[in-house]
Structures are given as structure tokens and as C-alpha cells.
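The structure is given below, and queries will be raised subsequently.
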Amino acid sequence: MELHIVLDGGRDLAGQVYRQLSEAIRAGRLADGQQVPPSRLLAQQLGLSRKTVAQAYARLTLERLLVGRVGVGSFVCAPAAARPRVQAAAQLASAAVLRKWEAMATPLRRAAPQLRSRFDFLGGSTTPSHFPQDAWRRCVLHALRQDAQVRGRYAATEGLPALREAIARHTAFSRGLVCTAAQVLVTNGTQQALDLLGRLLLEPGCSVAVEEPGYPMARALFASHGARVLGVPVDAEGIVAASIPDGVSLIYVTPTHQFPLGMPMSVARRHALLARARAIGAIVVEDDYDSAFRYEGRPADSLQSLDTHGIVAFVGSFSKVLLPELRLGYAVLPQPLLPAALTVKHLSDWHCATMPQHALAKFIDDGYLLKHIRRCHALYAARRERLLQWFAGPLAPWFRLVPASAGFHVAALCVVPLDVALLIRLARRADVGLYPLAQFYADSPPQQGLLFGYGAIDVLDIDVALARVRDILLAMA
């Protein structure tokens with residue numbers, strides 16, 4: 001990277017270099033300890049003699065703005081008073097737009113790890129210690145070799161063919177999807193997939209139906225596109241399809257493991273939802289965020305596999321199966337949506353990073369993904385069973401669990417009046433992280449209860465944590 005110096009004319013060249021470097025150091029634009037280019041290299045970049053640059057460096061060294069290290073180079077030695085320049089506030093024409101974004105809620109922004117409780121029931125979190133690090137390292141090395149063959153080129157907007165083929169096979173095997181690799185669009189997580197669909201299908205004033213309670217980030221995202229977001233109630237069978245109003249362009253649902261309550265959508269309700277969507281001309285977005293882990297009952301068909309009219313967009317993520325920091329997800333789109341979706345994705349970020357795509361494709365094809373899912377399934381099943389025992393026993397006087405057969409969180413509803421906010425505060429003092437269901441309601445009075453994620457808490461820790469919660473409840477009573 002070249003050092004930013006602009007020369008004006010041919011007079012006092014050493015003085016010009018000195019003054020610009022001195023100002024940059026004193027203003028804080030060049031950070032303390034930052035290495036400056038060698039005099040020979042900077043001279044080449046500026047088209048000057050090395051002697052000219054050396055004179056500027058010598059003056060800066062004399063003023064102790066640069067310090068030389070033998071055999072290493074010259075480094076910035078900023079004075080203690082050096083601070084970045086404070087800019088005066090300008091009157092921006094876009095001020096109202098900025099205030100809108102500043103005021104927009106992002107309720108699921110995670111607390112910093114150091115602020116987490118020791119025993120934390122945070123939903124959506126996995127246990128990093130169980131990630132197959134050695135297998136992933138082999139896949140990353142393979143990806144580096146693949147990238148080296150085409151380095152310096154942009155890739156396909158829709159994603160690498162190898163990964164799209166792997167996703168098509170995996171979803172057909174695990175979720176019964178009926179699709180080809182041509183329908184798969186690789187995204188930076190589910191959130192980008194939802195954003196692309198929102199940009200694709202919505203304009204200001206359009207109506208979107210979401211589950212109530214439901215995923216607040218989807219609600220906020222669709223609202224950011226200017227859509228009118230309508231909460232539709234859910235019951236024991238899932239979203240009440242008959243309550244979806246006319247004029248809706250997009251219907252967002254989590255049918256396999258309703259977020260946050262956890263119950264699966266019944267087969268009859270799935271057919272009713274598809275019929276209602278066809279009647280009003282809406283696209284159904286099926287968010288299949290954590291269905292890889294199923295513990296009881298027969299798996300239900302995905303909405304996409306039941307769709308015979310091309311109205312279901314299926315979105316999935318590898319954040320819940322592998323690690324959230326990988327930021328890899330996908331959308332399986334009906335054929336009529338694909339050309340426009342590729343335009344939106346191309347304008348958004350051109351394409352996802354290719355190195356993790358190569359690595360994930362090999363990770364799936366070599367069987368590591370299914371092996372990892374089986375290993376985690378056993379871990380989560382043991383944790384889920386321990387939670388069921390606690391809520392059927394010591395915690396039964398206060399809570400009942402909503403039946404859930406998949407995922408790695410459960411919802412516990414209060415069966416007696418309870419100050420949930422106080423319980424959460426007292427639990428935090430006992431180093432137990434609890435999370436309210438109320439944060440997932442927007443259009444109706446919330447049910448009192450808690451969401452218990454068990455992806456990142458060990459079985460033995462569950463006993464310690466819930467014993468503390470029981471003691472707090474007894475003290476509150």
C-alpha cells in the first residue's frame with residue numbers, strides 16, 4: 001500500500017514530504033508504532049531521489065516523530081497529544097434516513113462473550129469444542145489449493161458449482177427437497193437470504209405476514225424495506241393460515257421448529273398455508289434454521305417438497321450445524337425467481353467468499369457434515385432429556401414446556417403468575433443466563449415464559465443451573 005503524499009510542483013520536495021508526514025503523524029492519521037516505507041521504496045513511489053526522502057526522514061527523526069530500528073526500518077513515534085481530527089457536524093440531506101436506521105431495533109445482537117453468564121441458556125448458540133477442527137482444517141487446505149488455481153478472478157454470483165451440488169444433495173437427503181443445483185443460491189447466512197428475498201419481492205407499502213410470536217430479525221428486516229409487517233397468530237399446529245390477510249406479498253414461517261415456541265407445523269396446516277398463499281399470490285419463505293436435529297416422531301415434509309406451484313423459497317444455514325462465524329447459508333428458489341434473485345445478489349456483494357465455499361463443499365462431500373450432525377445429535381438429545389426431566393419434576397410448579405421434536409431450544413410457559421423480569425435479574429446474579437419469550441412478540445400481549453437454548457451448555461451444567469433457578473423461584477414465592 002502506498003503512503004498518501006501529494007507533491008505540488010518541483011520546489012522544496014524534501015520539505016513537502018516532511019510537512020505532509022509531520023501533519024499526518026500529529027493528526028493521528030499515521031498511528032503510533034506504524035512502520036513507514038523504506039526511503040528507497042517511498043522515493044520510487046513518488047518519483048524522487050532517495051536523498052530527498054532521506055532528508056525528510058532525517059528531519060522527522062530529529063523531531064522524534066520517527067524512530068529508526070537497526071535492521072528493521074523506521075516507525076512512527078506519535079506525540080502524546082496526537083489525536084484524530086474532529087470534524088464539525090454537517091447538515092446532511094439524509095439525516096432523517098440515518099435517524100431511521102439508528103432507531104431500528106436489533107434485538108438479537110449478542111452480548112460480548114465476557115458478559116455472558118457461566119451457565120447460559122442462550123438460544124441458537126452451539127458448543128465450539130465439538131467442532132471437527134481437524135477435518136475442517138483438511139477441507140480448508142483443499143480450498144486454498146482450489147483458490148490458487150483461479151486467484152485474481154471473481155466467481156459466480158450464485159455460488160461455486162461444487163457447493164451448490166453438495167447443498168442440493170444434502171437437502172434432498174435430509175429434508176426431502178425437490179430441487180436441482182441450479183435452484184441453489186449461496187448466501188452469507190440466512191439473514192442475507194432473507195434480505196435478498198425482501199429486496200426481490202417487496203416495495204414500500206407491500207404487506208408481509210410473519211408468525212406471532214416470531215423471529216424479530218426477520219420482522220425488522222422486512223420493515224427496513226418499507227413493508228407493512230403483519231403478525232399472524234400461531235397455535236399448537238403452527239401459523240393460523242386462515243388469519244393471513246389478503247394483499248400479502250410474502251409469508252415468512254418456521255414450520256419445522258417454530259421460532260420461538262418450538263412446535264412443528266401439522267401436515268394439515270402446511271397444506272392450508274400453501275393453499276392460502278396460492279389464493280392471494282404470495283411467496284412463502286420457509287426458514288429451516290435448525291431442523292437437522294430431530295429427536296422423536298416422523299419427520300414432516302418440508303413446505304418446499306409439497307409445493308407444486310413454485311411459491312416456496314426455502315432458506316437454510318450452516319450456522320446452527322457448524323459455526324455461526326462461517327456465515328454460510330443458502331436459498332433454494334422457485335425457477336421464476338432465479339434470474340431476478342441473481343441480479344439482486346450481484347448488486348449486493350457480487351458473490352460470497354470462495355475459500356469457505358470450497359471447504360464446505362468438500363466437508364459435505366467427504367461425509368464430515370453428516371458425521372458431525374450425528375455426533376451433535378447425541379449431545380443435544382442428552383441435554384434435551386435432562387431439561388425435560390427438570391420441567392417434569394422440580395420446575396413443574398412454575399413452568400410447562402411447549403412440545404418440540406427438533407432443534408436445540410425449548411420454550412417454557414409460566415403456569416402461575418410470575419415476575420419473569422425479576423427472575424432473570426436474580427438468575428444473572430447467580431451466574432445463570434435466562435431469556436424471556438416476551439422479546440419475540442410484537443402485535444399481541446406476550447405469553448410469560450422463557451426460552452432455554454441447550455446448544456452451548458453441558459449436561460452437568462444444566463443440573464447446577466436449574467437447581468439455582470429452582471432455589472430462586474422458591475425464594476420468590
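The values are calculated or read from the model by the stated rules, or taken from the named source; none is laboratory data. From a predicted model like this one, the values you see are computed outputs, not experimental measurements. Every residue, glycine among them, receives a Cβ derived from its backbone with ideal geometry; neighbour counts consider all protein chains shown.
Return yes or no: is Ala209 part of a helix (DSSP H, G or I), of a type outside the set (Phe, Trp, Tyr) and modelled with pLDDT of 95 or more?
For Ala209, the condition - part of a helix (DSSP H, G or I), of a type outside the set (Phe, Trp, Tyr) and modelled with pLDDT of 95 or more - is not met.
Moving on. What about Gly198, is it in contact with a Ser or Thr (Cβ under 6 Å, 6 or more places away or on another chain), within 23 Å of Ile283 (Cα to Cα) and in contact (Cβ under 8 Å) with a residue 24 or more places away in the chain? Even if it seems obvious, please write down each step before you answer.
Details: in contact with a Ser or Thr (Cβ under 6 Å, 6 or more places away or on another chain): no; within 23 Å of Ile283 (Cα to Cα): yes; in contact (Cβ under 8 Å) with a residue 24 or more places away in the chain: yes.
No: the conditions fail for Gly198.
Given the residues Leu30, Leu46, Leu66, which is the only one that is within 14 Å of Leu3 (Cβ to Cβ), in contact with a strand residue (DSSP E or B) (Cβ under 6 Å, 6 or more places away or on another chain) and modelled with pLDDT under 90?
Leu30
Tally time: how many residues in segment 130-164 are in a helix (DSSP H, G or I), crowded, with 17+ Cβ neighbours inside 10 Å and among the polar types (S, T, N, Q)?
Of the residues in that region, 1 qualify.
Looking at Val415, Val459, which is the one that is among the aliphatic types (A, V, I, L, M), in contact with a Lys or Arg (Cβ under 7 Å, 6 or more places away or on another chain), surrounded by fewer than 16 Cβ atoms within 10 Å (Cβ to Cβ) and at pLDDT below 95?
It is Val459.
Still on this structure: Looking at segment 282-306, which of its residues are free of Cβ contacts under 8 Å to residues at least 60 places away in the same chain and of a type in the set (Asp, Glu)?
Within segment 282-306, just Glu286 meets the criteria.
Which residue is surrounded by the fewest Cβ atoms within 10 Å (Cβ to Cβ), if the candidates are limited to segment 104-129 and must be modelled with pLDDT of 85 or more and within 20 Å of the chain's Cα centre (by Cα)?
Asp120
Turning to a different aspect of this structure: Read through the list (1) under 24 Å from Thr106 (Cβ atoms); (2) over 25 Å from the mean Cα position of the chain (by Cα); (3) among the hydrophobic types (A, V, I, L, M, F, W, C), then give the number of the only condition that Ala242 fails.
So the condition that Ala242 fails would be (1).
Return yes when Glu211 is acidic (Asp, Glu) and within 24 Å of Met263 (Cβ to Cβ) and no when it is not.
Against the criterion (acidic (Asp, Glu) and within 24 Å of Met263 (Cβ to Cβ)), Glu211 qualifies.
Specify which of the listed residues (Val186, Val178) is assigned by TED's automatic domain parsing to the domain that holds Pro356, touching a residue at least 12 places away in the same chain (Cβ under 8 Å) and crowded, with 22+ Cβ neighbours inside 10 Å. Let's see the steps before the verdict.
Details: Val178 fails: crowded, with 22+ Cβ neighbours inside 10 Å.
So the residue among Val186, Val178 that is assigned by TED's automatic domain parsing to the domain that holds Pro356, touching a residue at least 12 places away in the same chain (Cβ under 8 Å) and crowded, with 22+ Cβ neighbours inside 10 Å is Val186.
Take the residues in segment 294-319 that are within 25 Å of the chain's Cα centre (by Cα) and hydroxyl-bearing (Ser, Thr, Tyr), then tell me which one is nearest to Phe408 (Cα to Cα).
So, considering only residues that are within 25 Å of the chain's Cα centre (by Cα) and hydroxyl-bearing (Ser, Thr, Tyr), the one nearest to Phe408 (Cα to Cα) is Ser319.
Is it fair to say Gly453 is closer than 19 Å to Thr254 by Cα, crowded, with 19+ Cβ neighbours inside 10 Å, of a type outside the set (S, T, N, Q) and under 25 Å from the mean Cα position of the chain (by Cα)?
yes
What strands (runs of 3 or more DSSP E) lie completely within segment 255-358 and have 3 or more residues being crowded, with 20+ Cβ neighbours inside 10 Å, outside the structural domain of Gln146 (by TED's automatic domain parsing) and modelled with pLDDT of 95 or more?
Fully inside segment 255-358 and qualifying: nothing.
A follow-up question, please. Starting from segment 93-107, keep only residues that are farther than 17 Å from Leu221 by Cβ, then list their pairs with residues that are assigned to a loop (DSSP other than H, G, I, E, B) whose Cβ atoms are within a distance under 8 Å, requiring at least 6 positions of separation or different chains.
Leu98/Leu92
Assigned to a loop (DSSP other than H, G, I, E, B), of a type in the set (Ser, Thr, Tyr) and either buried (at least 22 other Cβ atoms within 10 Å of the Cβ) or more than 22 Å from the chain's Cα centre (by Cα) (or both), is that true of Thr171?
It is false that Thr171 is assigned to a loop (DSSP other than H, G, I, E, B), of a type in the set (Ser, Thr, Tyr) and either buried (at least 22 other Cβ atoms within 10 Å of the Cβ) or more than 22 Å from the chain's Cα centre (by Cα) (or both).
Scan segment 204-228 and report the pairs whose first residue is without any contact (Cβ under 8 Å) to a residue 24 or more places away in the chain and farther than 19 Å from Val344 by Cβ and whose second residue is surrounded by fewer than 24 Cβ atoms within 10 Å (Cβ to Cβ) and of a type in the set (A, V, I, L, M), with Cβ atoms within less than 7 Å and a gap of 6+ or a chain change.
Hits for this filter: zero, empty list.
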